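Take a look at the structure below.
The values are calculated or read from the model by the stated rules, or taken from the named source; none is laboratory data. Only a predicted model underlies this, so the values are computations on that prediction, with no experimental measurement involved. Cβ placement follows ideal geometry from the backbone for every residue including glycine, while neighbour counts extend to all protein chains displayed.
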Amino acid sequence: MLGVRVCFIGGAQYKSPLDRTSEKKFRALIQIGEIYVIGFSPDAKLRHFKQHAQFYLLPRVQWGLFRYLLMLIFGQTIAVWCILRWGVHILIAQSPYEGFAAACAKIIVRPLGKRVALVVESHGDFEGSLFLQRRVFYPSVYRFLMRQSALFALRHADVLRAVSNSTKEQLEKWAPNKPIFQFVAWTDMDVFLEAGAKKKRNPNEKMIIYAGVLIPGKGVHFLLDAFGNITSEGLSTKLWIIGNSENREYAEMLKGKVERLSLGNRVIFSDSLPQTVLANLIAQAQVLVLPSLSEGLGRVIFEAMACGTPVIGSAVGGIMEMIVDGENGFLIPSGDVDSLVDRLRWILKNPEKAYEMGKRAREFAEDFFSAKGYVENYRNVIEAAGKHI
């Protein structure tokens, strides 16, 4: 399509100027056309700026339900304005829940003679992931409202996009007979490949890394239990837990567990880090662990692989599409601490074999994602959506 104008609607945060990863992403995407983005600011202020794309950012608030209401009311309003003011004709919602707001915008502009196409994406388990993030009061009410909003969005969607086989299967169940495109989320592979090129064969200090938000569904408590067992065997190593405390109650529980297991001098907690810093830390590690209970894809897995670092991941969701057990990493049953201990022990006691495993992981990552392929995939999505205008 010539002169395509696309508006992305999602829950991601952006700051001005964009961080390196987001800058590269939108610099790549403007090859397709004019890009508009509705998301959240890193603070409690409304923000608008232009850097490759036009960004309209809602205030960031802690309460998840209030964030959703902000997106439903103001995100929908901004989407309508972008359609009427800028001639946007394709909306891309980055989950079925943002898709509800986008579908409302699509319906509102129709009597005004404006036709837009709607793409709804799924980056994870939109049915169950919320309940693995935090304790939810009145869960049956939440499930009903979530189900109705997701059904509404998917009913009005013209095209769907999944990031893994598991998310594709879920979309097929909810919206049969809708066209689905499948490709992974954007990542700045250059940063991780550059860090991996400097990886040492057998560094002096052994290190295990977890990188991701701190919520119950990520299973970090299982990792702490396994790490406690490893250290009790006399294996000298440290554990870095890197990620923001999306669930503060859970984060405090993890820190309390560290104290109870007497691991205070071996476990380091850090908020999320710039990609370059994170990549260098992962490249220094012997292994990255992602012990999730549910996972749409697990992007940090192929980022770690690009660093030449083997990964231990739960056999759930998209993780199983990247890890070939015993070749480029290890798969373990979700929540199985004994299996995790066994695999950690093997990696720490067999540094040469683990290094070779990391080399195979790096070869996989080099073929798994490319910026050119990402843009071409979106071009195909937009072309398919354009047929519905």
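When segment 340-350 is examined, which residues are found to be assigned to a helix (DSSP H, G or I) and more than 14 Å from Val311 (Cα to Cα)?
Lys349 - this is the single residue of segment 340-350 that is assigned to a helix (DSSP H, G or I) and more than 14 Å from Val311 (Cα to Cα).
Working only within segment 217-232, note down all residues that are free of Cβ contacts under 8 Å to residues at least 60 places away in the same chain, over 12 Å from Leu293 (Cα atoms) and touching a helix residue (DSSP H, G or I) at 6+ places or on another chain (Cβ under 9 Å).
Matches in segment 217-232: Leu224, Gly228.
Kindly provide the set of residues from segment 61-70 that are modelled with pLDDT of 85 or more and within 16 Å of Lys45 (Cβ to Cβ), ordered by number.
Leu70
Looking only at segment 275-307, how many residues end up being closer than 27 Å to Glu23 by Cβ and either surrounded by fewer than 22 Cβ atoms within 10 Å (Cβ to Cβ) or among the charged types (D, E, K, R) (or both)?
Adding up the residues that qualify gives 9.
I need the full set of residues from segment 337-369 which are within 22 Å of Ser232 (Cα to Cα) and surrounded by fewer than 18 Cβ atoms within 10 Å (Cβ to Cβ), in order please.
Passing the criteria: Asp338, Asp342, Arg345, Trp346, Lys349, Asn350, Pro351.
Take the residues in segment 97-115 that are of a type in the set (A, V, I, L, M) and more than 24 Å from Met146 (Cβ to Cβ), then tell me which one is farthest from the chain's Cα centre (by Cα).
Filtering first and then ranking leaves Leu112.
Does Ser334 satisfy being surrounded by 14 or more Cβ atoms within 10 Å (Cβ to Cβ) and outside any helix (DSSP H, G or I)?
yes
Residues in segment 7-34 that are under 21 Å from the mean Cα position of the chain (by Cα) and in a strand (DSSP E or B): how many?
Looking only at that region, the number is 7.
Scan segment 88-108 and report the pairs whose first residue is of a type in the set (Lys, Arg) and whose second residue is assigned to a helix (DSSP H, G or I), with Cβ atoms within less than 7 Å and a gap of 6+ or a chain change.
Lys106/His156
What about Phe144, is it more than 30 Å from Val277 (Cβ to Cβ), of a type in the set (Phe, Trp, Tyr) and either in contact with a strand residue (DSSP E or B) (Cβ under 9 Å, 6 or more places away or on another chain) or in a loop (DSSP other than H, G, I, E, B) (or both)?
No.
Just to be sure, is Gly11 modelled with pLDDT under 95 and touching a strand residue (DSSP E or B) at 6+ places or on another chain (Cβ under 8 Å)?
It is true that Gly11 is modelled with pLDDT under 95 and touching a strand residue (DSSP E or B) at 6+ places or on another chain (Cβ under 8 Å).
Which residue, of Ala117, Ala150, Ala93, is within 21 Å of Gln13 (Cα to Cα) and hydrophobic (A, V, I, L, M, F, W, C)?
That would be Ala93, the only listed residue that is within 21 Å of Gln13 (Cα to Cα) and hydrophobic (A, V, I, L, M, F, W, C).
Cβ-Cβ distance below 6 Å, separation of 6 or more or different chains: which pairs start in segment 25-40 with a residue that is over 12 Å from Tyr378 (Cβ atoms) and end on one that is polar (S, T, N, Q)?
Tyr36/Gln54; Phe40/Gln13
Just need a number here: residues in segment 153-192 that are in a loop (DSSP other than H, G, I, E, B) and among the basic types (Lys, Arg).
The qualifying residues number 1.
May I ask you to say which residue of Ser166, Ser122, Ser140 is of a type in the set (Gly, Ala, Ser), assigned by TED's automatic domain parsing to the domain that holds Asn380 and exposed (fewer than 15 other Cβ atoms within 10 Å of the Cβ)?
From the options Ser166, Ser122, Ser140, the qualifying one is Ser140.
Please list, ordered by residue number, the strands (runs of 3 or more DSSP E) wholly in segment 193-274 having 3 or more residues that are crowded, with 16+ Cβ neighbours inside 10 Å.
Because the criterion is at least 3 residues that are crowded, with 16+ Cβ neighbours inside 10 Å, the strands (runs of 3 or more DSSP E) in segment 193-274 that meet it are 207-211, 238-242.
Is it the case that segment 66-87 has a residue that's closer than 28 Å to Leu297 by Cα, touching a His at 6+ places or on another chain (Cβ under 9 Å) and in the same structural domain as Glu172 (by TED's automatic domain parsing)?
no
Go through Val324, Val267, Val277, Val289 for me and flag whichever is within 19 Å of Asp190 (Cβ to Cβ) and among the β-branched types (Val, Ile, Thr).
Criteria check complete, one pass: Val277.
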